[in-house]
Every structure is written in C-alpha cells, then in structure tokens.
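Since the structure comes first, as structure tokens, the remarks are kept for the end.
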C-alpha cells in the first residue's frame, strides 16, 4: 500500500527535504517521480537549501561562500548576475542552477533566487535530459557532467524510492 500524500510529505520532510509540498507539486505538474526530485535536492543542497554553490569559477577560484554568502537572496543574486560574465558561473539555489541560460530561464519565470522557481526550472531541465538521454542515470550525468555524480544520484534515487514507495 502506497503512502498518502500527507505521509509522503512527512517522510520527505523528516529526511531533510525543506519544502516537500513545492517539490510534490512540481513533480506532479511535470510528471516526474517525486523521489527523483528528492534525490537531486539531497545531492545538490542537502535537501533543497537556497544556497550558493562551491564552484571555483567565481572570483577566479574563490566561491561566494568564502565571503560569508551562503544563502541566495535577490540582492546577492542580482550582484552575482552583474558580474557573472567576468568572473564565471556559480551554482544557485536548491537545484544549483549554474549555466547562465538556465539561470536566465528561471529569472524569466520569476527569479532564480526563489526556491520554487529554481526547483521548477531545474526539474524541467532534469525531465528534458531524461527524455533526451533515455535514463535517469544518463540524465544525472548530463545534469552535472560527471559519471561519479550520476552513480551517486543512482544511489540516492534508490534510497528515496525505498523511503517513499
């Protein structure tokens, strides 16, 4: 017997997903398994924290966190975006949107710095990669560019599937 939505949300919340209601709504809207998005959120930001990444491209090797900027805010994002072309890309938000075209797409939908917009934009990208690459494993590799990331994502998807289904 499958858990109810309320039970699924509680399971996700008790296992570190920060806003499981938003994640469930996005998953349903885009027809992506909920457990898949939970796995990505855990892998990218420990459950969907709205934080800056650790990409070494920012400030020529110095990530924003070195300046005490962990949480993504509208102001910090807009400052980053002004300097992005000169200093390089940085992962943004719950799904660590990194490429400028993806960040710009999120901005067109309400703002890359907003967790719900960030999650929806990242989920659209994940879904597109799944459709073009033919598997969740290959989608994860494409999302991050690394086989090691894809293997870890496989493990997290299995964990989340076992927790939820």
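Coordinate-derived values only; no laboratory data. Every value quoted in this text rests on a predicted model; they were computed, and no experiment measured them. Ideal geometry is used to build each Cβ from the backbone, glycine not excepted, and the neighbour counts take in all protein chains shown.
Here are the numbers for this structure:
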quantity: Surface/4 estimate of mean projected area, convex hull on alpha-carbon atoms of region 90-165, nm²; calculated: 5.3
quantity: Ratio of the Cα radius of gyration of region 106-145 to 2.2 N^0.38 Å, where N counts its residues; calculated: 1.24
quantity: Crossing angle, helix 20-30 versus the chain [Cα axis fit, 0-90 degrees, rounded to tens]; calculated: 80
quantity: Theoretical FRET efficiency, 1/(1+(r/R0)^6), r = Cβ-Cβ of residue 70 and residue 7, R0 30 Å, to 0.05; calculated: 0.40
quantity: 97, 78, 124 arranged by Cβ crowding within 10 Å, fewest neighbours leading; calculated: 78, 124, 97
quantity: R0 of 25 Å, Cβ-Cβ distance residue 159-residue 133: FRET efficiency to nearest 0.05; calculated: 0.70
quantity: Rg in Å to one decimal, and Dmax rounded to a whole Å, for region 5-164 via C-alpha atoms; calculated: 15.1, 46
